[in-house]
Amino acid sequence: MADTYYDPKDLRKFGKITEWSEELGTKFFDYYGSVFEEGALSAREKSLIALAVSHVVKCPYCIDAYTKDGLQKGITKEEMMEAVHVGAAIESGATLVHGVQMMNKYNKLSM
Amino acid sequence: MATKSLKAKGDELAVSNKQLEILNGGIFAEGELPYFKDKINEIGHFPLRPAKLEILQINVGYMCNQVCEHCHVDAGPDRKEIMTRETMYQCLDVIRNTGAHTLDLTGGAPEMNPDFRWFVEEAAKAGIKDFIVRSNLTIIRANKKYYDLPEFFKKHNVHVISSMPHYTRGKTDKQRGDGVFDKSIKALQELNAVGYGLPGSGLRLDLVYNPSGAYLPGDQMALEADFKKALKEDFDIVFHNLFAITNLPIARFLDYLIASENYEDYMYALVEAYNPAAVENVMCTNTISISWDGWLYDCDFNQMLDLKVASKVKHIKDYNEDILNDRNIIISQHCYGCTAGAGSSCQGTVA
Ligand code: SF4
Ligand code: SF4
């Protein structure tokens, strides 16, 4: 197979990030672990948010990880796809809302 | 969805040696992943030894009305292995004389054994505290002759443990076959109708969940809450507990993992989720598994891999609890499935 920038196997090595900076890496994983604990939001809701964000930031590792996490939590594919649409809607909305800035600038510069 | 057992297809994986060769080879032989034996040796649990015997698990045959994709028994309508009455008599002797408090009847679909009802009646008289029948639910709706099973279970105060892959039709039917979901729902409603699963009811109805694919089960309590909510709201069904069970890489599930190119990733996931705290309570430490033809095994999984107990007593006809309890449990890489995350046994998580 041709070399690519992303290798699914690299996800298994994520934990090794701490090797080059023990302190910061550990802080990150502690924080990360706490974020995903059951809280005011359920672990299930957090998993769907993470899945939507994974798509928005276009991280293949996170997409794999949170698709699997969703399956583990019994989340259905319909729920997962809805979450992706939420991400997509916000992302495209965010692009489009900048159109207002464009319009403002255009109007300011134009006679 | 599978349509035939591996055995009927003449698949090479129907042979247990081939499965063991795969489990012990590749990523394990190359040292990419540690052997289970070495992992438990690190915490002083090798050799793995039994504690007090609590559960007798009897597999009364591999015949089943379903052919689920993930079945570690490789059960199906084409499997003819069935426990005879003669072996059942030997089991009854053991049931009467054992210190075990739980009897766990499994299969295949145990109800398909022609002597099933006779055996339940006789075994119920032996006064075991917890008498479990593992029912796949659809058998209750498969044919008129099974329609009265809920009443029959009730009469003998059987504890029913039933498999239910998901509370949605799509996921359940994909794993177990078209129409399985609707039949299972109907069967659950009928069990509820005779009193099974009702709060405060002595008629215990538990569900078993195992993932429909190459991933580990999530948190058992969270899954139980989701199942309870959905089954109640959508179908007015109630049950007691949900047991989340990890699929072990054996028989049809192993075949699926290899065919879908998930085998290595799955083994990595199991090894990564290895939880030393689960080792002490793995099922083989308090269970003996008896096959349809009377051989003794450390667990149902070892039975399917034909790894008979490492003891002088290997068959039910020679049963002796003291001799049997003084044995080393046979382990292999599939055991990682019992120690992943919160651990897994026939009664759900163990850690
Ligand atoms: S998983 Fe259970 S119901 Fe499905 S084929 Fe195997 S024994 Fe039958
Ligand atoms: S697979 Fe069987 S022998 Fe291995 S740990 Fe699990 S219960 Fe014990």
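The values are calculated or read from the model by the stated rules, or taken from the named source; none is laboratory data. Small disclaimer: the values here were computed from a predicted structure and weren't measured. Cβ: placed from backbone, ideal geometry, glycine included. Neighbour counts: every protein chain shown. Quick note on the areas: whole protein, heavy atoms, side chains included, nothing else; ligands and nucleic acids left out. Shrake-Rupley method; radii C 1.70, N 1.55, O 1.52, S 1.80 Å.
From the C-alpha coordinates alone, can you work out the Kirkwood hydrodynamic radius of the protein assembly as shown, in Å?
Values: mean 1/r = 0.0415 Å⁻¹.
For the protein assembly as shown, inverting the mean 1/r across all distinct Cα pairs yields 24.1 Å.
Remind me, relative contact order of segment B:6-349 in percent, using alpha carbon pairs under 8 angstrom and six or more residues apart? Intermediate values should be presented prior to the final figure.
Numbers: 662 pairs, mean separation 78.4, N = 344.
Once divided by the residue count of segment B:6-349, the mean separation gives 23 percent.
Roughly speaking, what is the stretch gain from B:Ala8 to B:Asp148, that is 0.36 nm per residue apart minus the C-alpha to C-alpha distance, in nm to one decimal? Before the final figure, lay out the partial values.
Details: separation 140, 0.36 × 140 = 50.40 nm, distance 3.11 nm.
Taking 0.36 nm per residue and subtracting the Cα distance, the gain is 47.3 nm.
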Just to confirm my numbers, what's the Cα centroid distance between segment B:140-170 and segment B:225-261 in Å? 16 Å
Expressed in µm² per second, the diffusion coefficient of segment A:42-110 from the Stokes-Einstein equation, with Rh the Kirkwood radius over alpha carbon pairs, at 37 °C and 0.692 mPa s, is 247 µm²/s
Using only the Cα atoms of chain B, what semi-axes does the equivalent ellipsoid have when each is the square root of 5 times a gyration tensor eigenvalue? Give whole Å, largest first. 29, 25, 20
Sparsely packed chymotrypsin sites (Phe, Trp or Tyr not before Pro) within segment A:11-111, loop by DSSP, other Cβ within 10 Å at most 15: A:Phe36
With a Förster radius of 25 Å, plug the Cβ-Cβ distance of B:Ala124 and B:Lys80 into 1/(1 + (r/R0)^6) and report the FRET value to the nearest 0.05. 0.40
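Per residue, how much accessible area does segment A:42-110 have with a 1.4 Å probe, in Å²?
Roughly 65 Å² per residue, with all protein chains present.
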With all protein chains modelled, accessible area of B:Arg176 [1.4 Å, Å²]: 20 Å²
Compute accessible area for segment A:47-72 by itself and then with all protein chains, 1.4 Å probe, and report residues whose area falls by 50 Å² or more. A:Lys68, A:Leu71, A:Gln72
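Take every Cα pair under 8 Å in segment A:42-110 that's 6+ residues apart, average their separations, divide by the length, and report that relative contact order as a whole percent.
Working: 40 pairs, mean separation 23.9, N = 69.
The value is 35 percent.
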What is the distance, in nm, between label points placed 7 Å from the Cα along the Cα-to-Cβ direction at B:His101 and at B:Ala29? 4.5 nm
Those GluC sites (Glu not before Pro) from segment B:259-351 that are DSSP loop and have at most 10 other Cβ neighbours within 10 Å turn out to be B:Glu261
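For every helix of n ≥ 4 consecutive DSSP H residues, a contribution of -39,500 (n - 2.57) applies; sum these over the protein assembly as shown, divide by its total residues, and give [θ] at 222 nm rounded to the nearest 500 deg cm²/dmol. Present the calculation step by step, with values, prior to reporting the outcome.
Working: 20 runs with 204 residues, N = 462.
After summing the helix terms and dividing by residue count, I get -13000 deg cm²/dmol.
Under a Cβ-Cβ cut-off of 11 Å, what is the net charge of the residues other than B:Ile139 that fall near it, where Lys and Arg count +1 and Asp and Glu count -1?
Values: positive: B:Arg134, B:Arg141, B:Lys145, B:Lys183; negative: B:Glu111.
Combined, the nearby Lys, Arg, Asp and Glu give +3.
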Calc'd 3J(HN,Hα), segment B:64-76, phi into Karplus 6.51 cos²θ - 1.76 cosθ + 1.60 (θ = phi - 60°), Hz, glycine/Pro = x, comes to 8, 7, 10, 9, 5, 4, 9, 5, 7, 8, 6, 7, x
Sulfur and carbon atoms: percent of accessible area, segment A:42-110 [1.4 Å]: 69 percent
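What quantity of accessible surface, computed with a 1.4 Å probe and excluding non-protein components, is buried in total between chains B and A, in Å² to the nearest 100? Each step should come with its number before you reach the end.
Working: alone 14420 and 9160 Å², together 22560 Å².
About 1000 Å² of accessible surface is lost on pairing.
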List the residues of segment B:208-236 whose accessible area drops by at least 20 Å² when all protein chains are present, compared with their chain alone, using a 1.4 Å probe and counting only protein heavy atoms. B:Tyr215, B:Leu216, B:Gly218, B:Leu223, B:Asp226
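DSSP loop (so not H, G, I, E, B), at most 15 other Cβ within 10 Å: list which trypsin sites (Lys or Arg not before Pro) in segment B:19-89 pass both filters.
Details: sites: B:Lys37, B:Lys39, B:Lys52, B:Arg79, B:Lys80, B:Arg85; in loops: B:Lys52, B:Arg79, B:Lys80.
When the trypsin sites (Lys or Arg not before Pro) of segment B:19-89 are filtered for loop state and at most 15 Cβ neighbours within 10 Å, B:Lys52, B:Lys80 remain.
Just the number, please: percent antiparallel of the DSSP beta bridges in segment B:6-349, rounded to the nearest 5.
Details: 8 of 33 bridges.
Bridges in segment B:6-349 that DSSP calls antiparallel: roughly 25 percent.
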